[in-house]
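The values are calculated or read from the model by the stated rules, or taken from the named source; none is laboratory data. All figures in this text were calculated on a predicted structure; none of them were measured in a lab. Neighbour counts run over all protein chains shown; Cβ positions are idealised from the backbone, glycine included. The protein model used for the area step is the full one, side chains on, heavy atoms only, and it has no ligands, DNA or RNA in it. Shrake-Rupley method; radii C 1.70, N 1.55, O 1.52, S 1.80 Å.
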Amino acid sequence: MCKTHIRSSLRGSVLGAAAILTFTLSPLATAGNALLSEVDAQVAEDVSHTDFSQWLREFRRDARSEGISEATLSQALDGLRYRPRVIELDRHQPEFVRAIWDYLDTAVSSTRVNNGREKLADHGATAERMAQRYGVPAEVIVAIWGIESNYGSNFGDFSTLESLATLAYEGRRQAFARNELMAALRIIEQGDIAAERMVGSWAGAMGHTQFIPSSFEAYAVDGDGDGRRDIWQSIPDVMASTANYLARAGWQAGQPWGVEVKLPESFDYAQTQRLSTADWAAQGVHAMRGELPQFDSAALIVPAGADGPAFLVGQNFRAILRYNNATSYALAVATLSDAIAGREGVEQSWPREQAPLSRQDTRELQRLLNDQGYAVGGADGIMGPDTRAGLRAFQRENGLTPDGFATQHLLARLRQAQ
């Protein structure tokens, strides 16, 4: 019998008892339900533990067949616990999404900028050495460090092994987590880190700059020459690994990440292609300050729509996106690195009067777009490229600026058009 069926059967028995208490012992209903909720939770935990132990035995056998030694298996897997909290976090999707300007207010706060400058002063020689070796500026390395773990003050205290084992057993992406768990065992086998020191986020990202195990295997570097790659305690290793990751992602030495730009009144916001700087300039795109950087291939982004700032971004912005494929993240790293280096920040104002859509709002927007013939795929509550393309088409056909930026006003227009 599979674990789901076993758990459903046992929970059904407990819920049945709860119903009897509710209807036959009404004065005790509240206390009875509370007691049985605790029993139900304990039953579920016991069943999960039993099934998890069986899963772990099978995984251990597979790891052994892939060449992981008994010593490593014992060190890493003996006493490994199922962590319900990891599953809770994995399944939790916040209903309300932060606006990009709210995210940047926190990510590039004055405190984080000042702390970044202090870290750069404390580890400047190391950062500059890595910048010379990999072509990635010191302030960008430090900015990644700041965004990922607030300079090491918050990289998580979950056991990476327990998190990944739990997710491989019951998470939303079980195959992915299982592969990452196997990679974690190989890292321990190689001697880079002891199992008990392999800690990080609930999702399995590790150390100061939050590498998942497969990224650690591919990109982590021994920066201090001690023969190990330690992104938990060795700042030279942290900086070398981060710089190597960006370099391997295509960072171009000597090029900026991008520049804030001013767009002409007639600008076509529906464009999604990459063009050279010369081609963008021919459309009337100008730098807010100074000259446009010379890019062979650059994208024009307006992360808050036509009423917010615009940026011309090149290959180095795309390299940051390889670290975390979210425009808000890449812009946070980019602008934090500028601030740490003493460069000016974003000049144009954000449309702070706009209330962001909740995930429920976005799901409704997606359903309405689909209903009106703008095929955007499933209503998952995530503003992906298909949803933005459908939204731009709706805006264009209704005489609106086709910037693909979802607002409460646009949602109301879609409701009216239904």
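Brief remarks follow.
- Taken together, the residues in region 60-79 that are of a type in the set (D, E) and within 15 Å of E162 (Cα to Cα) amount to 1.
- Filtered by the rule that a residue be in a loop (DSSP other than H, G, I, E, B) and of a type in the set (A, V, I, L, M, F, W, C), region 225-258 gives I231, W232, A249, W251, A253, W257.
- Looking only at region 195-246, residues that are open to solvent by 10 Å² or more (accessible area, probe 1.4 Å), within 16 Å of the chain's Cα centre (by Cα) and among the polar types (S, T, N, Q) come to 4 in all.
- Of all residues in region 179-193 being open to solvent by 30 Å² or more (accessible area, probe 1.4 Å) and touching a residue at least 24 places away in the same chain (Cβ under 8 Å), the one that is farthest from I231 (Cα to Cα): N179
This table checks each residue for (1) open to solvent by 20 Å² or more (accessible area, probe 1.4 Å); (2) in contact (Cβ under 8 Å) with a residue 40 or more places away in the chain; (3) farther than 21 Å from R64 by Cβ; (4) not basic (K, R).
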{"residue": "S110", "(1), (2), (3), (4)": "yes, no, yes, yes"}
{"residue": "R117", "(1), (2), (3), (4)": "yes, yes, yes, no"}
{"residue": "A121", "(1), (2), (3), (4)": "yes, no, yes, yes"}
{"residue": "A125", "(1), (2), (3), (4)": "yes, no, yes, yes"}
{"residue": "I144", "(1), (2), (3), (4)": "no, yes, yes, yes"}
{"residue": "N150", "(1), (2), (3), (4)": "yes, no, yes, yes"}
{"residue": "S153", "(1), (2), (3), (4)": "yes, no, yes, yes"}
{"residue": "T160", "(1), (2), (3), (4)": "no, yes, no, yes"}
{"residue": "E170", "(1), (2), (3), (4)": "yes, yes, yes, yes"}
